[in-house]
Structures are given as C-alpha cells and as structure tokens.
Amino acid sequence: MPARSMQLYEREKHHPVPRKPAKKTGIGRLDAPALLITLMLIIVGLVALFSASYPSALYSASGDPFLYIRNQAIFAVVGVAAMLFVSMLDYHIYVQLQKPLFLVGIALLVLILIPGVGKDVKGAVRWIELPGLGQFQPSELMKTGVILSFSFYASQLGKKLQNIRNVLPFFGALGVIAFLLYKEPHLSATVIILGVAMCILFVGGMKIWYFFVLGGGASIAFALAYNTPMFAHVRRRIAIWLDPFSDFINDGWQAANSFIAIGSGGVWGLGLGQGRQKHLYLPEPQNDFVFSSWCEETGLIGAILVMLLFAYLIYRGLYIARNAKDQFGCLIAVGITCKLAIQTLVNLFVITGLFPVTGASLPFFSYGGTALLMQLGEMGILLNISRSMTREM
C-alpha cells in the first residue's frame with residue numbers, strides 16, 4: 001500500500017469520519033410546498049368566509065355575526081392538527097381500513113334515506129344531525145372511501161384492469177353509490193365521485209376506450225330523460241341554467257345574483273368587506289357562493305390569485321403521485337388530487353354559469369365542518385405519501 005494511502009487508513013482508523021444516516025422510507029420530510037399552499041388556502045378561505053357570511057349570520061335567528069367564522073375556525077384548527085397527525089401515519093395502514101370505511105359510507109348513505117334520520121334542507125336530505133356536534137354529511141366520507149378502496153383494488157389488479165370483466169365490479173359499486181345519491185338528491189357529489197373513480201381507474205390501467213362507452217351510455221340516458229315527461233323538471237332546470245334571468249325571482253335567483261356579484265367586482269373589486277350581494281341577495285354566501293362574494297370584493301385579481309393557489313396545489317398533488325414509491329400510493333394521491341380539482345372546477349363552473357346549480361362547495365372556503373375535516377385529513381394522507389417520494393424537488 002502506498003505511504004499516503006497508509007497514512008489515510010491509519011487516520012480514519014483512529015478518527016473515523018462521521019457519516020450521514022440513511023433516509024428511512026416513510027418518515028422523510030413531507031412536501032413543504034403542498035403544506036404551505038394548503039395553509040395559505042385555509043387562511044384566505046377563513047377571511048373570505050367571514051367577509052361573506054357575517055350578514056347572513058347577523059340576520060339569522062342567533063343574531064351573532066361571528067357564528068359561521070367561529071365554528072369554521074375551530075374546525076380549521078382541529079383539521080390542521082389532524083392533517084399533521086395523519087401525515088405521520090404510514091399510508092399503507094389504509095390497506096386494512098379501506099374496506100370498512102367504504103362499507104360504513106354505503107351504510108350511512110342508506111341510513112340517511114330513512115324517514116326521521118336524515119335532515120331535510122330545502123328539499124334535499126343530505127345531512128345527519130349529531131346532537132351537540134352539528135350536521136354530518138355522509139357523502140364526504142363516501143368520497144374518501146371511494147378513493148382509498150378503488151386505489152387499493154386497482155393497485156392489486158394492475159394490468160388486469162385492461163380486461164372489462166375486472167372493471168365491471170367497480171362500475172357496479174359506482175352504480176349503487178350513484179343511486180343512493182340520486183335519492184337524496186346530491187348531483188354534485190355524484191359527479192365528483194364518478195370523476196374521481198374514473199381518474200383512479202384510468203391511471204390504474206383501464207383502457208381509454210371504456211370512457212367512450214360510458215360517455216355514450218350517459219348521453220343516451222340523458223337524452224331519454226330530457227324527452228320523458230316524468231323528467232320535465234330536468235328540462236326546466238336546463239332552461240333556467242341557460243338563462244337564469246328568465247325566472248329571476250324564483251329558480252334563477254341563485255345563478256343570477258352570482259353573476260351580478262362577479263360582474264360587480266370588475267378588475268380590482270369593491271374592497272374586502274364592501275360587497276353588496278351578500279346582504280340577503282346572494283343565496284348561501286357562506287357556502288356554495290362564497291367565491292362569488294370573494295370575486296365581488298377582490299375583483300378579477302383576487303379571483304386569479306386564489307385560482308393560482310388551487311392550481312399549484314393540484315400540480316404538487318400530481319407531482320407527489322408521479323413520484324410515489326408504489327402503485328397504491330400513486331393512486332391514492334391521484335384520487336385526492338383529482339377530487340380537489342374536480343370539486344373546485346364544479347364550484348367555479350356553477351357560480352359562473354358553466355354548470356347548473358348543484359350545491360357544490362369550494363374546498364377550504366365554503367362553510368362546513370365535515371367537509372373541511374375530511375379535506376384536511378386527505379391532505380394529511382397526501383403529505384404522508386410525499387414523505388416517501390422517490391425523488392424530491
């Protein structure tokens with residue numbers, strides 16, 4: 001051995017150089033950009049909710065202008081803590097939890113249809129009243145159940161998803177869910193769940209031409225419903241969607257006032273807290289139409305900034321999915337991200353008239369403790385998947 005090499009050997013023998021410990025799979029650093037954007041959306045959402053909701057809260061039976069924001073802030077704090085806790089749990093535990101969660105979701109959707117159990121709000125039975133805890137919406141749990149269950153079985157089947165026989169059980173399950181949601185009725189939840197399921201199956205390996213078959217079947221069913229006297233309300237709803245000002249006082253009230261709010265904001269907006277439509281003109285300003293009020297007060301600039309936050313969070317979700325260490329993690333990340341994307345788009349399409357009014361809430365913005373907790377719980381799962389990404393950016 002050369003003299004210099006012998007000297008280095010003796011030096012390292014008596015004074016070993018400390019080495020960095022190897023990164024353990026599953027407990028690495030979570031995706032900081034995704035966490036930061038989520039927290040930013042929560043903060044902006046609380047500001048938007050308070051500004052949009054205080055007139056409705058003030059004019060309500062309680063007379064408390066802080067009613068909605070106080071409840072939502074509590075759920076936000078609890079939700080963020082839950083998100084950070086869930087981000088520490090290895091997502092593979094959902095291999096055992098996915099089936100019970102899915103079955104509980106189905107059971108609750110059946111239970112809510114029993115007279116006296118579900119709470120009827122404006123003709124829709126979508127909530128279960130929990131004494132002392134408020135209202136619980138089973139469809140939110142069902143969305144998470146579909147994401148986890150479909151991701152597990154799709155990852156197990158792999159290339160077998162290219163066989164139509166292996167896809168049919170997924171379609172059967174979606175048919176049951178769609179029927180139960182139709183009985184509530186809850187069109188927006190149906191659209192979101194079907195869209196998320198299709199994204200998971202497509203990424204999992206389902207052939208693309210299956211979508212054309214499904215699309216053709218859906219188009220035929222819609223055409224039959226549209227021209228059947230029993231579904232005359234469908235034609236009525238479409239007519240109002242195309243021209244809400246044709247029945248401004250009644251069925252077109254929601255969409256028309258949303259248009260007025262958005263148009264009144266202009267480029268820069270009327271100023272935070274200065275909106276007019278939220279004063280008993282814009283229906284549900286704390287829920288489905290919270291973004292309409294935000295557009296009125298912050299204008300086009302404020303709307304674009306919020307949409308950019310959502311867009312970047314969706315991008316980070318897809319990045320995490322692409323770099324997940326296994327197929328199961330990839331499909332869960334795809335499901336969570338697509339749910340966020342589809343629900344956001346459905347809400348934006350509704351308030352801008354590109355989609356009929358369906359009751360779709362805006363993630364992190366709309367009032368609702370159940371929805372916010374489930375959304376933050378799902379973000380916790382996504383952050384845990386990011387801890388074991390194959391590469392970081």
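The values are calculated or read from the model by the stated rules, or taken from the named source; none is laboratory data. Since we're looking at a predicted model, the values are computed, not measured. All Cβ positions, even for glycine, are placed from backbone atoms using ideal geometry, and neighbour counts span all protein chains on display. Heavy atoms of the whole protein, side chains included, go into the accessibility calculation; ligands, DNA and RNA do not. Shrake-Rupley method; radii C 1.70, N 1.55, O 1.52, S 1.80 Å.
Quick one: grab the alpha carbon gyration tensor of region 186-343, order the square roots of its eigenvalues as a ≥ b ≥ c, and give me rounded if a/c is under 1.5, else prolate or oblate depending on whether a/b is larger than b/c. It would help to have the intermediate numbers written out before the result.
Working: a/c = 3.18, a/b = 1.22, b/c = 2.60.
Judged from the Cα gyration tensor, region 186-343 comes out oblate (a/c at least 1.5, b/c at or above a/b).
Compute the distribution of all C-alpha to C-alpha distances in region 293-359, in bins of 10 Å from 0, and list the percent of pairs in each, rounded to whole numbers.
20, 39, 27, 12, 1
Putting +1 on Lys and Arg Cβ atoms and -1 on Asp and Glu Cβ atoms, find which of Val95, Gly172, Ile106 reaches farthest to the positive end of the dipole of region 55-181.
Going by the Cα projections, it comes out as Gly172.
Would you mind getting me the FRET efficiency between Lys119 and Val213? Use the beta-carbon distance for r and R0 = 51 Å, nearest 0.05. Don't skip to the answer; put the middle values down first.
Numbers: r = 38 Å, r/R0 = 0.74.
Efficiency, from the Cβ-Cβ distance: 0.85.
Got a number for carbon plus sulfur as a percent of region 291-351's accessible area, 1.4 Å probe? Let's see the in-between values first.
Details: 1470 of 1860 Å².
Heavy-atom surface of region 291-351 belonging to carbon and sulfur, 1.4 Å probe: 79 percent.
May I ask for log10 I(q)/I(0) of the chain at q = 0.06, 0.08, 0.10 Å⁻¹, from a Debye sum over the Cα atoms as equal point scatterers with solvent left out?
-0.28, -0.47, -0.71
By how many nm would the segment from Ala73 to Arg322 grow when fully extended, if each residue of separation counts as 0.36 nm and the alpha-carbon distance is taken off?
On the way: separation 249, 0.36 × 249 = 89.64 nm, distance 3.31 nm.
So the extension gain works out to 86.3 nm.
Quantify, in whole percent, the carbon and sulfur part of the accessible surface of region 59-138 (1.4 Å probe; protein heavy atoms only).
Numbers: 3430 of 4640 Å².
Roughly 74 percent of what the probe reaches on region 59-138 is carbon or sulfur.
Counting only C-alpha contacts under 8 Å and six or more residues apart, can you give the relative contact order of the chain as a whole percent?
On the way: 540 pairs, mean separation 104.3, N = 393.
In percent, rounded to a whole number, it is 27.
Quote the Stokes-Einstein diffusion coefficient, in whole µm² s⁻¹, for region 142-225, based on the Kirkwood radius over alpha carbon pairs, a temperature of 10 °C and a viscosity of 1.306 mPa s.
Values: Rh = 13.3 Å.
After rounding, the answer is 119 µm²/s.
Explain nothing, just the number: dipole magnitude of region 54-140 about its Cα centre with +1 on each Lys and Arg Cβ and -1 on each Asp and Glu Cβ, in debye rounded to the nearest 20. Walk me through the numbers before you get to the answer.
Details: 5 positive and 5 negative charges, 24 e Å.
Its charge dipole is roughly 120 debye.
Over all directions, how big on average is the projection of the convex hull of the alpha-carbon atoms in region 52-131, in square nanometres? Please list the in-between numbers first.
Numbers: hull surface 31.2 nm².
If I average the Cα hull's projected area over directions, I get 7.8 nm².
Enter the angle in degrees (range 0 to 90, nearest 10) between the Cα long axis of helix 253-265 and the first principal axis of the Cα atoms of the chain, meaning the one along which they spread out most.
Its long axis makes an angle of about 60 degrees.
At 0.36 nm per residue, and after removing the present C-alpha to C-alpha distance, how many nm does the segment from Asn250 to Ala107 gain when stretched out fully? It would help to have the intermediate numbers written out before the result.
Numbers: separation 143, 0.36 × 143 = 51.48 nm, distance 3.54 nm.
Between Asn250 and Ala107, full extension yields an extra 47.9 nm.
What size of dipole, in debye to the nearest 20, comes out for the chain about its Cα centre when the only charges are +1 on Lys and Arg C-beta atoms and -1 on Asp and Glu C-beta atoms? Don't skip to the answer; put the middle values down first.
Working: 30 positive and 19 negative charges, 333 e Å.
Dipole magnitude for the chain comes out near 1600 debye.
With every protein chain present, what is the per residue accessible area of the chain (1.4 Å probe, Å²)?
That works out to 50 Å² per residue.
Once the whole set of protein chains is in place, how much accessible area is left on Asp120, using a 1.4 Å probe, in Å² to the nearest 10?
Its accessible surface works out to 100 Å², give or take rounding.
Springs between alpha-carbon pairs under 10 angstrom, Gaussian network model over the chain: which of Ala76, Ala173, Ala221 fluctuates most?
For the chain, modelled as a Gaussian network with Cα springs under 10 Å, the answer is Ala221.
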